[in-house]
Structures are given as structure tokens and as C-alpha cells.
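To start, the structure under review is shown below, and the notes come after it.
The values are calculated or read from the model by the stated rules, or taken from the named source; none is laboratory data. In this text, all values refer to a predicted model and were calculated from it rather than measured experimentally. Cβ placement follows ideal geometry from the backbone for every residue including glycine, while neighbour counts extend to all protein chains displayed. For the accessible areas, the whole protein counts, side chains as well, though only heavy atoms, and no ligand, DNA or RNA atoms are used. Shrake-Rupley method; radii C 1.70, N 1.55, O 1.52, S 1.80 Å.
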Amino acid sequence: MRRRSQSSANYEIFLLPKQKLLFEAIKSDTLTRIGYGGARGGSKSHAVRSLAITFSMTFGLKVMVFRRVKKELIENHINPLYKDYPALMERFNRSENILYRPDGSQAITFGFAENDSDIHDFQGTEFDLIFVDEATRCSEYQMKFLETCNRSIGRFIPKMVYTMNPGGVGHSFIKRIFIDKSYKSGEVASRYFFIQSHLWDNVFWVINALKRDGFTIKEYYYKWTEEQRRDYALENAEYAQQLKSLPEDLRMAYLFGDWDTFAGMFFKDFQHATHVIAPHIVTGK
């Protein structure tokens, strides 16, 4: 899709099918907590960058892109935006890590907090839309604090978007709200939504193979079944070969999005299908 920014500069945003679902979820009038990803290779960071630009520049929202580690924030978001949207990034203030609009208002703030105490630097800030990239690397405390910054005085219903892989300090929290769908007091189930994205949902891992075999991107997404895309990507994507070579627990988590692989973090052989049985009642004579 082509969007026109408030600076009258044209820029193009290309979204994959799962990323389009994320776009629609953010526009929703009911959803406020949205999870995206759940496995490696699903183009999570690209989705964050593209949608941050779209919702800040086209819809005029105040957006934050958050990642726990500053170096990763720079390498995965700020530097790619300089490469892809150099005209827009002319208004990026490096000392503040803020991208401004021509009128001087804040468009995108790039935030990080490597320690729990650092998250208080955002005390008193307000954002219509917050992307927490690689959320499982953040602590539950950090994510809960960021929720207090997610508010808006406009017509837009504030949203938190979490991208994630299994594993990490925030694994249990993210798994509870998006995978297990186990909610506590104050957490309204209807406001939570999860979009699973796998490596095979990102056509660019197999784009050369498709050209070699005479297939189109349209065929890949709209004529093939989920199983066909999965099998083709597992066979032809180099990144898939790397993930397949990992130890069993990491392979199941990163390639297939198995959240039970890290259950308890100490039980490396835990498998839900093998070690969990349905509850039953034993009665005495």
C-alpha cells in the first residue's frame, strides 16, 4: 500500500497477509491487547516498523516502539528505517530517539529499558499505540508499567501490541494472556487477540525458490494451503534449515512456536502431549 505522510512525501508500505491482519486488529474498536508472532522468522520487526510509520504518519497517532536492549532497538528498527525511509528520518532526533512530524509534534518514540528501574523514565508519558517488540525478553513489570503509558485523549482506542518468541523472562506472562488465555481480575478476554505467525508466513524466505520453481507470491499465499506453505518453506528456506538443526527444545519453540517447550524453564524434556493428562477423580470404596 502507498501512504502519503504529513510532510507530503510518498512512502510505500508492503504488508504480508498476517501483517494485514495485525493492521486490521490495531484499527479495531474493541481490541486493546494484541499479540503477534510466536515463532521465529515471521517478520515481526518489519511489521512493527511498517505499522509504526503508517499509524503515526497517516493516522496521526503518537506511537512508541519499545525494545528492551538499546543496541537491538537501533539495529532492528532505527537503522532499517534510515535505510527504507531516509526522507522521513530527516526529522529523527538521535539524542531523544524521537521521530518528529513537520509541525514539531512527536510521531514515533523509540524506547528501551535494560533494567526494570529504567522503565520509570517513561513516567508521565502518553502514547496511543505501543509496540513492545520481542516482548518475552521484557519483564512482566516492564510490560505492566508500559500499559500505564498507553492512553489517548483522542477518538482512537489505545492499543498495546506485543511481538514475541517463546522463552525469556516474560515467557510466562505472554503465554498466559495470549496462548493459555487465562485472565486475571481486570483483564477482559474480549480485548485480547493473538495472531500466530510462522516462518512460512513470510514469503521472502523462499522468494528465490518460488522464482526457480515457477510459482508466484499470489499462488503461495492464496492458492496453497497452510500445510503446503509450511512444507515448502521447511524444505527450501535456508533459515528453516538453521532452525531445524537446533536442539529439540529450541527447534520446537523457535520453528513451530511450541510454548510448552520452556514450561517451568527447568524441565527440558517437558512435552504437553506426553506429560499432561486430563484431570480425573479417584473415589475410595
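Couple of notes before you dig in:
- Candidate set from the stretch 183-224 (those that are part of a loop (DSSP other than H, G, I, E, B) and aliphatic (A, V, I, L, M)); member that is least open to solvent (accessible area, probe 1.4 Å): Val206
- When Asp116 is tested against (1) open to solvent by 40 Å² or more (accessible area, probe 1.4 Å); (2) farther than 30 Å from Arg40 by Cβ, just one condition goes unmet, and that condition is (2).
- Filtered residues of the stretch 62-106 (kept if over 21 Å from Cys138 (Cβ atoms), among the aromatic types (Phe, Trp, Tyr) and assigned to a strand (DSSP E or B)): Phe92, Tyr100
- In the stretch 136-176, residue most open to solvent (accessible area, probe 1.4 Å) [restricted to those that are among the basic types (Lys, Arg) and over 18 Å from Asn115 (Cα atoms)]: Arg155
- Residue pairs meeting the criteria (Cβ under 6 Å; at least 6 apart or on separate chains; first free of Cβ contacts under 8 Å to residues at least 60 places away in the same chain, in the stretch 136-149; second in a helix (DSSP H, G or I)): Thr136/His171; Thr136/Ile174; Ser139/Asp116; Glu140/Phe173; Tyr141/Asp116; Phe145/Ile119
- Note on the stretch 56-74: among residues that are farther than 16 Å from Pro102 by Cβ and among the β-branched types (Val, Ile, Thr), the one that is surrounded by the most Cβ atoms within 10 Å (Cβ to Cβ) is Val65.
- Screening Ile13 on (1) at pLDDT 95 or above; (2) closer than 30 Å to Leu234 by Cα shows it passes everything except condition (1).
- Criterion: among the aromatic types (Phe, Trp, Tyr), in a helix (DSSP H, G or I) and more than 19 Å from Lys20 (Cα to Cα) - qualifying residue of Phe145, Phe110: Phe145
- In the stretch 75-95, the qualifying residues are those that are open to solvent by 40 Å² or more (accessible area, probe 1.4 Å) and touching a residue at least 12 places away in the same chain (Cβ under 8 Å), and the one that is nearest to Lys159 (Cα to Cα) is Asn76.
- Any chance Lys44 is open to solvent by 30 Å² or more (accessible area, probe 1.4 Å), within 22 Å of Asp84 (Cβ to Cβ) and modelled with pLDDT of 95 or more: no
- Taking residues in the stretch 151-179 that are in contact (Cβ under 8 Å) with a residue 40 or more places away in the chain and in a strand (DSSP E or B), and partners anywhere that are among the aliphatic types (A, V, I, L, M) and surrounded by 18 or more Cβ atoms within 10 Å (Cβ to Cβ), the pairs with Cβ atoms closer than 6 Å and at least 6 places apart or on different chains are Lys159/Ile26; Lys159/Leu129; Met160/Ile130; Val161/Ile34; Tyr162/Val132; Tyr162/Ala135; Met164/Ala135; Met164/Ile174.
- Some residue of the stretch 225-245 being in a helix (DSSP H, G or I), at pLDDT 95 or above and closer than 30 Å to Asp29 by Cβ: yes
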